[in-house]
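This report concerns only the one structure given below.
Any read-out appearing in this document is the output of simple, stated calculations on the displayed coordinates, not a laboratory observation. Just so we're clear, the structure is a prediction, and the values are computed from it rather than from any experiment. We place every Cβ from the backbone using ideal geometry, glycine too, and count neighbours over all the protein chains shown.
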Amino acid sequence: MIETLRLTIADRQLKDMPTEEYYLALHPEIKELDPTVGESRDPTFYSIFTKELNKHIGMCCLYNFTATEVELGVRIFIPEHWSMGYGSEVVNALCEYVFNSSPQIMAVLAKTPVYNTRAVRCYEKCGFTQRSHAPLSGYDMVFMVRLKASFCLKHIVQQNDREKDDNIT
């Protein structure tokens, strides 16, 4: 289980699936914004819950592990929870989890249709950079990467800033 300020990211359970299917049926645009395309080897699925109400609002996964990379995906199912920073919170938490628990992983990858500008902004906000654009399964996709080096550098800078603040007070 992964905890953030507002969310709990827990191993996906069978009981979580009807909720996911319900929201995907209710909001078919989600599949268009985040189509399942390309290969998905050895996925590990997680469910996303708000801490405040313990409400199941989405799912995420890590998949396509290689010796040095892993891919992630995130879906927030309920449009009322879009543009509230939950996606960024999940992406940052998954990157931190992967980089801290798997020392050999040097990069986290993500892909999304070019027209899903909300997802592209989310990944960029979380430190991802655009690697390439290419068609995949009939979609024009943007492929993005977050390198472990930039993740570690960001945390070193944050630690130095905290130490400076501690010295001031």
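Calculated FRET efficiency, Met1 to Thr117, Cβ-Cβ distance, R0 = 45 Å: about 0.90 to the nearest 0.05.
Approximating the spin labels as points 7 Å out from Cα along Cα→Cβ, the Asp11-to-Asn100 distance works out to 2.0 nm.
A simple spin-label model places the labels of Thr129 and Ser150 0.6 nm from each other, with each point 7 Å out along Cα-to-Cβ.
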